[in-house]
1. Contact list please: Cβ distance under 7 Å, first residue in the stretch 1-24 and polar (S, T, N, Q), second residue in a loop (DSSP other than H, G, I, E, B) and surrounded by 18 or more Cβ atoms within 10 Å (Cβ to Cβ), pairs at least six apart or on different chains.
2. Could you tell me whether the stretch 183-197 includes any residue that is at pLDDT 95 or above and at positive phi?
3. Of the residues in the stretch 39-57, how many are more than 14 Å from the chain's Cα centre (by Cα) and open to solvent by 10 Å² or more (accessible area, probe 1.4 Å)?
4. Here's a check for you: in the stretch 282-301, which residue that is at pLDDT 85 or above and open to solvent by 100 Å² or more (accessible area, probe 1.4 Å) is nearest to Lys222 (Cα to Cα)?
5. Residue under question is Asp76, and the condition is that it be assigned to a helix (DSSP H, G or I) and either touching a strand residue (DSSP E or B) at 6+ places or on another chain (Cβ under 8 Å) or open to solvent by 80 Å² or more (accessible area, probe 1.4 Å) (or both); does it hold?
6. Collect the residues in the stretch 1-38 that are more than 17 Å from the chain's Cα centre (by Cα) and open to solvent by less than 20 Å² (accessible area, probe 1.4 Å), keeping them in residue-number order.
7. Could you list all residues from the stretch 165-192 that are surrounded by fewer than 14 Cβ atoms within 10 Å (Cβ to Cβ) and in a helix (DSSP H, G or I)?
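The values are calculated or read from the model by the stated rules, or taken from the named source; none is laboratory data. Everything numeric here is computed off the predicted structure, so don't read it as measured data. Glycine gets a Cβ as well: all are built from the backbone with ideal geometry, and neighbour counts include every protein chain shown. To get the accessible areas, we keep the full protein, side chains included, count just its heavy atoms, and leave off ligands, DNA and RNA. Shrake-Rupley method; radii C 1.70, N 1.55, O 1.52, S 1.80 Å.
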Amino acid sequence: MEEIEKSAMFAGPDGRKNLALDSVAVREDRYYLVGKAIAVSMVHGGPSPGFFSSILFECISNGQVSPTIEDVNDFDLQVKIKKISNAASMEELCEATECMSEYLANAGCLRAVKCLKDKDLLLQDILLFQVVNRLHGPLERLKEGLRTLGLLAAVVKHKEAFRPLFCSPHQPLTADTLDRLFDIRYSIAGSNKRAEENTTVAFWRDYLLDAEEGNSNCSLEKILKFATGCGVLPAIGLKPQPSIEFLHPVDSSPWYATPREKFPTANTCINCLRLPVHKSYDMFKSNMDFAICNTQGFGQE
């Protein structure tokens, strides 16, 4: 998803990108592949895009499209369009359109301007051509890809529910969000193990706060990826629900634990994080940092 956002098929400010025309991508049908990749990711619990502009989302969801000058990604063209928009007299308007005559002819927007009010309709035509109509082919291929697994039909039917998944950058994780995500599997109440687990859970919550505040070598995103394989929380949630278990040492003292019991382990197939049991927070934090920061993140890092 990160590579799609950075590709030449999209352009514009971070977090609100429009389609861009890339001849190589058209020839190799990459717009279709991008749509298909997004659909497969979202349906199977992967990340959602989060970087579409509102105009692009309206285009794929069959909504009303009203582009603005800010939606034009070509800076030089944007400056010329602004001259038309800011024209305060017929002389200024004629001067602004004259320097764009070739572009207007190619866009099918070249017409006689008889009064100052004509500029509003002219601006609408230019913006609609530049942002939408010029990209009709790539847009249709993107939509065809999004039809994979029925995603586009769901987007059209439940437009407002899907809007934040396409148009809003992923919200940063918080310690509280991550804490509430996991179901903690304790030993029997009143047992020695339960007492150790209560201490470990307190360490775990302190560790999450340290990661949130930047007082740890590890980030909350790395912790989530270590435990579940996901760098961000998927739109459909995590199934099965993430859980926490405990690595009690065979010996009664954690100081004699084997390396496997000193460090956290995870089974990302079942979203299970197993925490080591230590007597001090410093030891717990050090071993958590070492284990999580030295994993390779499934080759993504």
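1. Asn18/Gly12; Asn18/Ser53; Asn18/Asn73
2. no
3. Qualifying residue count, the stretch 39-57: 5.
4. In this case the residue turns out to be Phe290.
5. Criteria met by Asp76.
6. Ala20, Ala25, Tyr31
7. Matches in the stretch 165-192: Asp176, Arg180, Asn192.
Conditions tested, residue by residue: (1) farther than 19 Å from Tyr32 by Cα; (2) surrounded by fewer than 16 Cβ atoms within 10 Å (Cβ to Cβ).
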site	(1), (2)
Val113	yes, no
Phe129	yes, no
Leu142	no, no
Ala153	no, yes
